[in-house]
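Here's the structure we're looking at; comments come further down.
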Amino acid sequence: HRDHKCDHYNMIIYLNKFSEGGTYLFDDNNQILTCVPSIYKGASVFGGGKHAQGFCSPGELRLVAVFTFQTY
């Protein structure tokens with residue numbers, strides 16, 4: 001999905017440790033790039049590209065902070 005129709009940045013920060021459930025980023029050709037989860041690390045993407053979350057393993061919790069913002 002896309003968060004907004006306008007150009008913006010997406011930023012995600014992983015807040016806990018879990019074994020699966022990264023973030024998938026899609027380019028204009030729907031090629032997938034995977035952000036591997038690592039506690040207190042994250043990714044930022046310009047343009048509001050399409051993205052999706054993966055599922056964590058049963059019994060795990062995927063805790064993330066997600067920000068969308070514009071710069072002027």
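How large a share of the accessible area of the chain, in percent, is made up of carbon and sulfur atoms when the probe is 1.4 Å and the other protein chains stay in place?
It is 57 percent, rounded to a whole number.
In Å², and per residue, what accessible area does the chain have when probed at 1.4 Å with the other protein chains present?
I get 73 Å² per residue for this part.
The values are calculated or read from the model by the stated rules, or taken from the named source; none is laboratory data. As the structure is a computational prediction, the values presented were derived from the model and not from experiment. These area figures cover heavy atoms from the full protein model, side chains too; ligands, DNA and RNA do not enter into them. Shrake-Rupley method; radii C 1.70, N 1.55, O 1.52, S 1.80 Å.
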